[in-house]
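Report on one structure; see the data block that follows.
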Amino acid sequence: MGILAFITATGFLLLLLVIIGFLFCFGYVFYMHLKYDHVPGPPRDSFFLGHLPTLLRLTKNNVVIYEPFFDWMEKYGPVVRLNLIHKVMVFVISPDAVKEFLMSPKYTKDDFYDRMHSMFGIRFMGNGLLTDRNYDHWHKQRRIMDPSFSKTNLIESMRTFNDKAEDLMDRLVEKADWKSHVGMHDMMSRVTLDIIAKVGYGMELNAICDDQTPFPQAISMAMRGMVEARNPLSAINPFKQAVIREVKKNVDFLRDTGRQRIELRMKAIHDGEAIPKDILTQILKAAELEGGCTMDDFIDNFVTFFIAGQETTANQLSFAVQELAQHPEILARVQAEVDEVIGSKRDIKYEDLGKLQYLSQVLKETLRLYPTAPGTSRTIEEEMMVEGVRIPAGSNVMFNTYIMCRMEKYYPDPLVFNPDRFHPDAPKPGYVYFPFSLGPRTCIGQVFAQMEAKVVMAKLIQRYEFELVEGQSLKILDTGTLRPLDGVICRLRPRGEYKASQK
């Protein structure tokens, strides 16, 4: 009887704990509803899950999660609440608010970036430049890294841009028969990976030609992890455990690669060996003067640069190819400009980039429609009024250039691909277009990325004609960044003008 009484008492205690836990969760979610329900927004799907089922359904159907916001903004206004179980995000679509929050250092990044600091219990990007929420620590890192992206160093990078873009052109020769199907996103991912590896860390990955290199898969799985981490229930979902294990394995691989590379370079510097003048060398030397940087800081930024420096530029280039293939009149204008500025030259000079004005417009318009980093967020310490709506203290405020750049009020015929929007003399709305963020936390590598993109696109346009293979959906895949779902599958053939110049 004593054992039976003990079991009964234990069962009762466990039941009581479950009830108390449920009541606590219920009470907290109810409190968050009371705190934020004055903020306009669509009806919640459920009391506990909020709008999470809608977002998961969109993700499952390969629909960009921001698509419903166009209807929501029209119905509820420029400030919209989104409930995700116990968390609430406030989306603000307002140029004035973008200016206020992004241009000032007093608003720090919010805990949204914690999902990139660590993923499923392991460190991912940590406190790298993208994710660091401590402004003083971030600013110290930025001081250390800024010289690596000086004009002098960017000009020096042109050699690698040209060499790796040439490797890509040579690889495409094998497939340029107007019959083979070429996944341009895969090709662009490989060339941008080779570029960031070489310019950043002196690594010769040869991803363009080596189909067995593990790095593209590692980056893809890390991005997959960011999508899975959106759902707070993924970590306990038994059907997700295999994917999560794969994500963790690949994140560990990236961090281990970074650690090995950094330790080897530190030893080479210490031993007085000849070392490449790449981003890593300059960061390590600057950090030695600054002091206070840890190995985790260096590894965090290795992962950040490796992923952000590869993924976003590859996506932009792929979307540019997709749009040019659909707009032959725009492609013809770019071809004429490239023929005039570059001709049949192998090496594109830094001075040539400024003359490729229309190509610049094409790349900017690509980022307007397909901002590979669609948004950012900030936290507010004190209660504020934003667009006439009271935002409670401690709120996460989200800003999204994908939504704003596709709104008629800012861009006429917003879904039409029109590079003339970015002609130097064309009027442009302020604080709407921010694919590299704005203000003090603007992307450190944006000039680097756009120089790289220009070189790769100019060479592709110089050498090849291309068209889209029929039957593609042309949808966008949201993996934290935005990439083409079907991979931009093309047929290619050498351009007549280039072939003639080589005879």
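The values are calculated or read from the model by the stated rules, or taken from the named source; none is laboratory data. Just so it is clear, the structure is predicted and the values come from calculations on it, not from any experiment. In this analysis, Cβ positions are derived from the backbone assuming ideal geometry, glycine residues included, and neighbour counts consider all displayed protein chains.
Does residue 470 qualify as being modelled with pLDDT of 95 or more, on the phi < 0 side of the Ramachandran plot and of a type in the set (Asp, Glu)? Criteria met by residue 470. Within segment 91-101, is even one residue closer than 27 Å to residue 196 by Cα and touching a Phe, Trp or Tyr at 6+ places or on another chain (Cβ under 7 Å)? So far as segment 91-101 goes, no, none of its residues is closer than 27 Å to residue 196 by Cα and touching a Phe, Trp or Tyr at 6+ places or on another chain (Cβ under 7 Å). Within segment 131-168, the set of residues being touching a Ser or Thr at 6+ places or on another chain (Cβ under 8 Å) and surrounded by 14 or more Cβ atoms within 10 Å (Cβ to Cβ) comprises 131, 133, 135. Picking from residues in segment 111-153 that are assigned to a helix (DSSP H, G or I) and among the hydrophobic types (A, V, I, L, M, F, W, C), the one that is nearest to residue 228 (Cα to Cα) is 116. Within the option set 366, 372, being modelled with pLDDT under 95, buried (at least 19 other Cβ atoms within 10 Å of the Cβ), hydroxyl-bearing (Ser, Thr, Tyr) and in contact with a helix residue (DSSP H, G or I) (Cβ under 7 Å, 6 or more places away or on another chain) holds for one residue only, 372. Per this entry, residue 94 is not counted among residues that are under 19 Å from residue 434 (Cβ atoms), in contact with a Gly (Cβ under 9 Å, 6 or more places away or on another chain) and small (Gly, Ala, Ser). Within segment 65-84, no residue that is under 17 Å from residue 45 (Cα atoms) and without any contact (Cβ under 8 Å) to a residue 24 or more places away in the chain sits with its Cβ atom under 6 Å from a residue that is part of a strand (DSSP E or B) and of a type in the set (A, V, I, L, M, F, W, C) at 6+ positions apart or across chains. Across segment 237-268, the qualifying residues are those that are within 23 Å of the chain's Cα centre (by Cα) and under 13 Å from residue 203 (Cα atoms), and the one among them that is surrounded by the most Cβ atoms within 10 Å (Cβ to Cβ) is 258.
None of 50, 128 is touching a strand residue (DSSP E or B) at 6+ places or on another chain (Cβ under 7 Å), modelled with pLDDT of 90 or more and crowded, with 20+ Cβ neighbours inside 10 Å except 50. Residues of segment 100-107 include none that is touching an Asp or Glu at 6+ places or on another chain (Cβ under 6 Å), assigned to a helix (DSSP H, G or I) and farther than 22 Å from residue 228 by Cβ. The residues of segment 38-57 that are free of Cβ contacts under 8 Å to residues at least 12 places away in the same chain and either outside any helix (DSSP H, G or I) or aliphatic (A, V, I, L, M) (or both), listed by number, are 43, 45, 46. Within segment 449-501, the only residue that satisfies the criterion of being of a type in the set (Phe, Trp, Tyr) and touching a Ser or Thr at 6+ places or on another chain (Cβ under 7 Å) is 498. Examine segment 87-94 for a residue that is over 30 Å from residue 26 (Cα atoms) and crowded, with 21+ Cβ neighbours inside 10 Å, and state whether such a residue exists. Yes, segment 87-94 contains a residue that is over 30 Å from residue 26 (Cα atoms) and crowded, with 21+ Cβ neighbours inside 10 Å. The listed residues are 18, 92, 63, 88, and the only one of them that is within 24 Å of the chain's Cα centre (by Cα) and more than 22 Å from residue 226 (Cβ to Cβ) turns out to be 92.
Taken as a whole, the structure places residue 330 among residues that are touching a Pro at 6+ places or on another chain (Cβ under 7 Å) and in a helix (DSSP H, G or I). The set of residues from segment 363-402 being part of a loop (DSSP other than H, G, I, E, B), free of Cβ contacts under 8 Å to residues at least 40 places away in the same chain and either among the charged types (D, E, K, R) or under 17 Å from residue 130 (Cβ atoms) (or both) comprises 381, 382, 383.
Of all residues in segment 288-304, those that are modelled with pLDDT under 90, surrounded by 12 or more Cβ atoms within 10 Å (Cβ to Cβ) and not in a loop (DSSP other than H, G, I, E, B) total 2.
Filtering 280, 324 for residues that are modelled with pLDDT under 95 and either surrounded by fewer than 18 Cβ atoms within 10 Å (Cβ to Cβ) or not small (Gly, Ala, Ser) (or both) leaves a single hit, 280. Looking across segment 403-434, the residues that are in a loop (DSSP other than H, G, I, E, B), of a type in the set (A, V, I, L, M) and closer than 17 Å to residue 64 by Cβ come down to 407, 415. Contact map, segment 106-131: first residue in contact (Cβ under 8 Å) with a residue 60 or more places away in the chain, second residue part of a loop (DSSP other than H, G, I, E, B) and of a type in the set (Phe, Trp, Tyr), Cβ cut-off under 7 Å, separation 6 or more or different chains; pairs are 116/124. Output yes when any residue across segment 214-231 is basic (Lys, Arg), assigned to a helix (DSSP H, G or I) and over 21 Å from residue 480 (Cβ atoms), and no when none is. No, segment 214-231 contains no residue that is basic (Lys, Arg), assigned to a helix (DSSP H, G or I) and over 21 Å from residue 480 (Cβ atoms). Does segment 187-206 include one or more residues that are at pLDDT below 95, surrounded by fewer than 19 Cβ atoms within 10 Å (Cβ to Cβ), assigned to a helix (DSSP H, G or I) and not β-branched (Val, Ile, Thr)? Checked segment 187-206: no residue is at pLDDT below 95, surrounded by fewer than 19 Cβ atoms within 10 Å (Cβ to Cβ), assigned to a helix (DSSP H, G or I) and not β-branched (Val, Ile, Thr). The set of residues in segment 412-430 being touching a residue at least 12 places away in the same chain (Cβ under 8 Å) and either crowded, with 21+ Cβ neighbours inside 10 Å or of a type in the set (Val, Ile, Thr) (or both) consists of 419, 421. Take the residues in segment 66-85 that are farther than 25 Å from residue 441 by Cβ and either in a loop (DSSP other than H, G, I, E, B) or small (Gly, Ala, Ser) (or both), then tell me which one is nearest to the chain's Cα centre (by Cα). Applying the filter and picking the extreme gives 67. What is the number of the single condition among (1) surrounded by fewer than 22 Cβ atoms within 10 Å (Cβ to Cβ); (2) out of contact with any Gly (no Cβ under 6 Å at 6 or more places or on another chain) that residue 317 does not meet? The number of the failed condition is (1).
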